[in-house]
Amino acid sequence: MSAPLLSVRGLTARFRAGGREVTAVDDVSFDVGEGEVLGLVGESGSGKSVTLRSLLRLLPSGARVEGQALWQGRDLVAMPDARLRRVRGGAISMIFQEPMTALNPVLPVRVQIEESLRAHTALDRAGRRARARELLDLVGIPDAARRLDEYPHQFSGGMRQRAMIAIALASEPRLLLADEPTTALDVTIQDQILKLILDLKDRLGMSVVLVTHDLGVVAETCSRMAVMYAGRIVEQGGVREVFASPRHAYTLGLLGSVPRAGTERSALRSIEGTPPGLAAIPPGCAFNPRCAFATTVCREVRPDLSPRTPGHLAACHHSDRVAQASLAA
Amino acid sequence: MTEAILTAEGVSKDFPLPRSLSDRLAGRPARAVHALSGVTLEVRRGETLGIVGESGCGKSTLARCLVRLHEVDGGRVTYGGTDVATLTGAERRAFNRRVQMIFQDPYGSLNPRMTVRQILAEALSVHRMVPTARIPDRIAELLALVRLPSDAADRHPHAFSGGQRQRIGIARALSVEPEVLVADELVSALDVSVQAQVVNLLLELQERLRLTVVFVAHDLRLVRHISHRVAVMYLGKVVEVAPTATLFDDPRHPYTQALLHAAPSLDPGSRSRRAAARGELPSPIAPPPGCPFNTRCPHAFDRCPAEVPFLTSRGPDHVAACHLAAPRFESAR
Ligand SMILES: Nc1ncnc2c1ncn2[C@@H]1O[C@H](COP(=O)(O)OP(=O)(O)OP(=O)(O)O)[C@@H](O)[C@H]1O
Ligand SMILES: Nc1ncnc2c1ncn2[C@@H]1O[C@H](COP(=O)(O)OP(=O)(O)O)[C@@H](O)[C@H]1O
Ligand code: SF4
Ligand code: SF4
Ligand SMILES: [Mg+2]
Ligand SMILES: [Mg+2]
């Protein structure tokens, strides 16, 4: 792989909650390559959204972000506000789970796309009008010319998601950050939107970070994946390798929790207990109270995220035992 | 396992829409959401019947009609052969006890001011399930049954995680020793790792207590895992019913085929870049005439918008509502 497009190192985000400081994202590192789709997967509260938002400084004031995010030779975390604003919605665009939070309800869709075009392109008025229409066409909204003058509330859920993608694409971003873009949608519409994002990635040469809690979505769309638990990346690698032989016990448990064809009505290999709250993250490996492989070292020493096979990283003291168990299963 | 215990026969349910002033001034007729139109389905003793479909297709409405939380507008729901709308007094109470519903929202369906003990004691005493003196023992048994620690009894619902609250809901439903459990999106609000725990519990309880379960969910993988038979709904209608393996291996309705292809598979090796279905769900206020799927179906022909297809046999215990005998899956575009 050539030099990554985005290189995140030691990203950490803290909030003040109830008089104490909690760490929502803890020492997260990953790269996004050219034209790649990286899946960020984990259960609710594991820190996926905070990771994406801290890259673009979209966290509420009071949040403290540390670490580095190298983008074209510059660090997004340290960049002055004015400069970051040009990157945000420009070379890096973001889309969200709930399109109504990103769309302005009192402006027609046309105006919202044209605003993004004005901010991030050199197009003149006529050029912006024409491009707005092309963009709605591109994201598959039928009868684009007429629908441009409608308001977001006149669109169905799937069309709003398409409109938000059109706005995000207006600036011809190099990188699209997508936070659960299909979680609120029905499965046939989710399928359409995911295929659309892949199509656009190829046609426009973008890279994508796709946040999801659905392992099926990762299997279907991503080239590489990173699994988050309690604010940390616990496993990272090619999608095929991670699915075929997970090397962190949490990933193994997550894959076992999802029903598969051929095992109907048998007990699922569930994980005991529930994910920890931010105020009480266990010492050592945060997964240890729920882990069937845990030993003393797991309760005392935090495992580093390190390579287990080329390109496949895991933060687990017993990653070989986990790999063996996954082959046996 | 073939005896029908609970049935829907041609069940329809409309929700009238509030009429705006301009509608009234313009003399436009009152409109309604057609949540169910002519649903026929049987639930057999001892089975798990899965009901799947996309948002708004009428799954929850059907579930509520089955337990008589809604009165139907057309057709009837029967239990043990009797139209449930005719039940009154002691018979109605007996029906309410034997057919229990567990809700989607573990947060909203438990009274936050009551302890778990009070919640369970109330259910036990309303239906006079055990003598008062036996209530504490029975509560301990129920908590053990759903694998909650016994000290859970004196805590309030907010002191539990989502998965544990769902177990409290299950314990409450089981406290009255029902025959049928109707579970509406039982685990949808839970994280995957916790979903698996609740699914395992449900499977085990069903075997032990010989329960009949109606499992309503939009998650195809879960429904496949749990159900003996599956019914697929689209826009207020049942479009296909079959034993689980048949439905997933040999779906005969073009909508079922699209739905199964649209669901992301867990195998990174089998990817497709073409969307499984085109277009979006039509509004249940004005469903398309004829076959409800005709606006999105790759096989639609002149008969489809003109004539409603009825459920007809496609093999042993397998019915589908399509004018074509054996359409083959085609992706969008
Ligand atoms: N009490 C109500 N008043 C008005 N409309 C209703 C009511 N309950 C349901 N509906 C409408 O009836 C239709 C069917 O709703 P229902 O809740 O049964 O869908 P569902 O299949 O359970 O969907 P989901 O997957 O989103 O839970 C929808 O269009 C819904 O908006
Ligand atoms: N503004 C905030 N203040 C305090 N805590 C927050 C804030 N935003 C998120 N968190 C906490 O950070 C953790 C990670 O959240 P998030 O990234 O949204 O998780 P998810 O993986 O579901 O996207 C959660 O425990 C969440 O409650
Ligand atoms: S480090 Fe130990 S506790 Fe953590 S996942 Fe690995 S085996 Fe389990
Ligand atoms: S009846 Fe016609 S429109 Fe409906 S599913 Fe069959 S072929 Fe398609
Ligand atoms: Mg999130
Ligand atoms: Mg519902």
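Worth a mention:
- Cross-chain or 6+ apart pairs with Cβ under 6 Å, the stretch B:198-218 first and more than 10 Å from chain A (Cβ to nearest Cβ), then assigned to a strand (DSSP E or B) and among the β-branched types (Val, Ile, Thr): B:THR212/B:ILE5; B:THR212/B:VAL180; B:VAL213/B:THR48; B:VAL214/B:VAL43; B:VAL214/B:VAL182; B:PHE215/B:THR48; B:VAL216/B:ILE51
- Single condition B:VAL241 does not satisfy, out of (1) under 18 Å from B:VAL308 (Cβ atoms); (2) away from every other protein chain (no Cβ under 13 Å); (3) modelled with pLDDT under 95: (3)
- The lone exception for A:GLU180 - which of (1) under 24 Å from A:SER54 (Cα atoms); (2) out of contact with any His (no Cβ under 9 Å at 6 or more places or on another chain) it fails: (2)
- Tally of residues being touching a Pro at 6+ places or on another chain (Cβ under 6 Å) and either among the aromatic types (Phe, Trp, Tyr) or more than 7 Å from chain A (Cβ to nearest Cβ) (or both) across the stretch B:219-229: 1
- Candidates A:GLY89, A:GLY42 - the one that is more than 16 Å from ligand 5 (Cβ to nearest atom) and either buried (at least 17 other Cβ atoms within 10 Å of the Cβ) or under 19 Å from A:PRO181 (Cα atoms) (or both): A:GLY89
- Any hit, the stretch A:129-144, residues being assigned by TED's automatic domain parsing to the domain that holds A:ARG53, touching a residue at least 40 places away in the same chain (Cβ under 8 Å) and over 30 Å from B:LEU281 (Cβ atoms): no
- Boolean, A:MET206 is in contact (Cβ under 8 Å) with a residue 60 or more places away in the chain and under 20 Å from B:ARG273 (Cβ atoms): yes
- Selection count where residues are within 13 Å of chain B (Cβ to nearest Cβ) and crowded, with 19+ Cβ neighbours inside 10 Å, scope the stretch A:275-289: 2
- The number of residues in the stretch A:167-203 that are touching a residue at least 40 places away in the same chain (Cβ under 8 Å), away from ligand 5 (no atom under 16 Å from the Cβ) and not in a helix (DSSP H, G or I) comes to 7.
- None of B:SER55, B:SER37, B:SER22, B:SER60 is in a loop (DSSP other than H, G, I, E, B), of a type in the set (Ser, Thr, Tyr) and more than 30 Å from B:SER150 (Cβ to Cβ) except B:SER55.
- Single condition B:VAL308 does not satisfy, out of (1) crowded, with 16+ Cβ neighbours inside 10 Å; (2) of a type in the set (Val, Ile, Thr); (3) outside any strand (DSSP E or B): (1)
- For B:ARG45: the one exception among (1) closer than 19 Å to B:TYR234 by Cα; (2) surrounded by 14 or more Cβ atoms within 10 Å (Cβ to Cβ): (1)
The values are calculated or read from the model by the stated rules, or taken from the named source; none is laboratory data. As the structure is a computational prediction, the values presented were derived from the model and not from experiment. Don't worry about glycine lacking a Cβ; one is built from the backbone with ideal geometry, like all the others, and counts go over all protein chains shown.
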